Amino acid sequence: MSNYNIKNLEEYFQIYRKSVREPENFWEEIAEEHFVWRKRWTNVMRWDFSKPEVAWFENGKLNITENCIDRHLHIRGDKTAILFEPNDPNEKAQHISYNELYERVCKMSNVLKEQGVEKGDRVCIYLPMIPELAVSVLACARVGAIHSVVFAGFSSNALAARINDCDCKMVITSDGSFRGPKTIDLKSIVDMALVDCPGVESVLVVKRINSEVNMKEGRDQWLQPLLDKAGSKYTAEVMDAEDPLFILYTSGSTGKPKGMVHSSAGYMVFTAYTFKNIFNYQENDVYWCTADIGWITGHSYIVYGPLANGATTVMFEGVPTYPDHGRFWEVVEKHKVTQFYTAPTAIRALAKESLAFVDKYDLTSLKVLGTVGEPINEEAWHWYNNNIGKNKSPIVDTWWQTETGGIMISPIPYVTPTTPTFATLPFIGVQLALMDEHGQELKEKQVEGRLCIKYPWPAMARTIWGDHKRYYDTYFSAFDNMYFTGDGAKRDAVGYYRITGRVDDVIIVSGHNLGTAPIEDAINEHPAVAESAIVGFPHDIKGNALYGFVILKEVGESRKPENLRKEINQQITEHIGPIAKLDKIQFVPGLPKTRSGKIMRRILRKVAAKDTSNLGDISTLLNPEVVEAIIKDAL
Ligand code: 7RM
């Protein structure tokens, strides 16, 4: 039996039990046998959730890029590491071998170093899904800089906030990006952001769309000429196991985004091990995750996990609907994709279209299908299983978070029998708990509670950048000695878990986590708006969509409601990005509030879901009369 390669359910249970009984021995074996280290650790793990403090492979030394690139060169140097599929199906795909990736990452590392980037510096990467994005991420890791990738759909305000929060001294961007039929002018978004970012010393610009851009003297440089001059070898910086590898921002229920900090060694070990097993990865497979590297799914399961296993990982620049709804399946056929990992929102969108878009293509290469980001509804699961998997590819419904770094609950394909809408069993080394509202663990089967994790795993985030107290408050204060996920979950009679959704004010729209507070802040900046509250409501394709209740300052506001709605969405687009736009905006005379001033979102959620027959206990409401008015005018 190999602990690295789980072959059947009995082995899964055996290895799982070992990982719980002797976690240190278990992870030490994995770390020892499957990775290269510059120096061995002196202590496998140390933890104290009351602080919280967690360290894995303490005093071990390594560089993650030596594990993701260098060690593969002599055995699979000519193998494709990154398979780049451009937005335009008529543009040629690029097969970047491990040898080429090595050279490109080394050149980029030399450029970073020449531009003054030092170990520990923060570098913001704001790029579309082009090879330079993966190369920049890896080059940062190679020189020991901490990358902070910001999804290139975020607005200039959102970008500026993320650059300033962790004090990035450099931004790597492009002239623009292709997205379906559109081009987006990324460089001008960066220029707008940088008006408010005094700490940024240099901007490196990739040419992608060949547009005219403004280059600021002394700050901005085209990347290619620098790469042309750079040396093609770069000795990787020796990093401590616990040195931060990257920061990735995720929205919280209140205030500003949280910069989750991930470590080097623990993150590497866990993402590689989960990738190998959860995607049943074999040497000649072609693995495709459709996420953007701007999200954690792209970090862990496009870049680090696959490359640490020497895999071929597809990077797709485009969108599922361009040039038509068959694009995903066209790419699967073209590259003979073996594992396909996407979000329920994409599945639902494609399931609405004609099956002819699927049936045109040969999908027989597929072996494993995956989903991530939100609960998958039964209908979408069956559509995926029948039409894409042809009832023969297991579906792995993978539950995890930016904070967890890697997949925590998931079937293992060809090992764990799947049940639609269930993420099934905890992955090896993951100790789950369901808690009731009084802080008691629910130990029986067939219960529902708040999903917690009671023991550290190697890829857990170590802190929130610059705000350790917030890290404690958000995740470790709700239940003693537990990491609280913010999600609710059910456990069934066989011990399978089904995620029921967020229990806080985070709404998942098309797989993107959106905190209500930042959106409300954006709306409230509109001069006509007095106050607002956002809730989610069920949406066929997006899973949830956003419904805003807005109080205007002047009762006799003379502008047309339609124009105001447009302006409010424009405001949101500028502050956060188009993903946070509201589907419905209702102007209301007041918001239902409790005596302590908290908005009773429960009522608003019911209004938005058109389910107001039973509002539950509203005795703590200060202003019950507004509820009637809101229901009367509901959209
Ligand atoms: C990987 C990722 C995290 C939140 C999480 C959940 C929800 C993710 C599933 C899911 C049900 C799933 N990171 N979530 N995966 N809900 N089933 N398989 O999405 O930080 O962006 O989001 O997403 O609520 O807490 S994330």
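The values are calculated or read from the model by the stated rules, or taken from the named source; none is laboratory data. Computed from a predicted model, the values in this text were never measured in an experiment. Note: ideal-geometry Cβ built from the backbone for every residue, glycine included; neighbour counts use all protein chains shown. Accessible surface is based on the protein model in full, side chains and every heavy atom, while ligands, DNA and RNA are left aside. Shrake-Rupley method; radii C 1.70, N 1.55, O 1.52, S 1.80 Å.
Tabulated data
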read-out: Lone unmet requirement of (1) over 15 Å from LEU442 (Cβ atoms); (2) open to solvent by less than 50 Å² (accessible area, probe 1.4 Å) for GLU525; value: (2)
read-out: Strands (runs of 3 or more DSSP E) contained in the range 517-635 and holding at least 2 residues in contact with a Lys or Arg (Cβ under 6 Å, 6 or more places away or on another chain); value: 529-539
read-out: Output for the range 336-378, where each listed residue is over 16 Å from THR398 (Cα atoms) and within 16 Å of the ligand (Cβ to nearest atom); value: ARG348
read-out: Leading residue by the ranking (most open to solvent (accessible area, probe 1.4 Å)) among those in the range 287-311 that are small (Gly, Ala, Ser) and within 11 Å of the ligand (Cβ to nearest atom); value: ALA291
read-out: Residue within the range 388-399 that is more than 15 Å from the ligand (Cβ to nearest atom) and crowded, with 21+ Cβ neighbours inside 10 Å present; value: yes
read-out: Pairs where the first residue, in the range 174-188, is farther than 14 Å from SER155 by Cα and touching a residue at least 24 places away in the same chain (Cβ under 8 Å) and the second is open to solvent by less than 40 Å² (accessible area, probe 1.4 Å) and part of a strand (DSSP E or B), C-beta under 6 Å, 6+ apart; value: SER174/VAL206
read-out: Qualifying residue in the range 403-426 (condition: at pLDDT 95 or above, more than 15 Å from the ligand (Cβ to nearest atom) and crowded, with 20+ Cβ neighbours inside 10 Å); value: no
read-out: Selection status of TYR322, part of a loop (DSSP other than H, G, I, E, B) and either open to solvent by less than 60 Å² (accessible area, probe 1.4 Å) or farther than 27 Å from TRP399 by Cβ (or both); value: yes
read-out: Pick from the range 604-624, criterion open to solvent by 60 Å² or more (accessible area, probe 1.4 Å) and touching a strand residue (DSSP E or B) at 6+ places or on another chain (Cβ under 9 Å), ranking: modelled with the lowest pLDDT; value: THR620
read-out: Yes/no for PRO306 being in a helix (DSSP H, G or I) and in contact with a strand residue (DSSP E or B) (Cβ under 6 Å, 6 or more places away or on another chain); value: yes
read-out: Matching residues, the range 385-417, being among the small types (Gly, Ala, Ser) and farther than 21 Å from ALA272 by Cβ; value: GLY389, SER393
read-out: Of the criteria (1) within 16 Å of the ligand (Cβ to nearest atom); (2) touching a residue at least 24 places away in the same chain (Cβ under 8 Å); (3) closer than 17 Å to PRO257 by Cβ, which one ALA517 fails; value: (1)
read-out: Boolean, ALA158 is at pLDDT 95 or above, surrounded by 23 or more Cβ atoms within 10 Å (Cβ to Cβ) and not hydroxyl-bearing (Ser, Thr, Tyr); value: no
read-out: Index of the failed condition, ILE130 passing every other in (1) open to solvent by 10 Å² or more (accessible area, probe 1.4 Å); (2) at pLDDT 95 or above; (3) touching a Phe, Trp or Tyr at 6+ places or on another chain (Cβ under 9 Å); value: (1)
read-out: Test: residue in the range 470-483 that is within 14 Å of the ligand (Cβ to nearest atom), crowded, with 20+ Cβ neighbours inside 10 Å and within 23 Å of ALA31 (Cα to Cα); value: no
read-out: Evaluation of GLU333 against (1) away from the ligand (no atom under 16 Å from the Cβ); (2) in contact with a Phe, Trp or Tyr (Cβ under 7 Å, 6 or more places away or on another chain); (3) open to solvent by less than 10 Å² (accessible area, probe 1.4 Å) (one fails), failing number; value: (3)
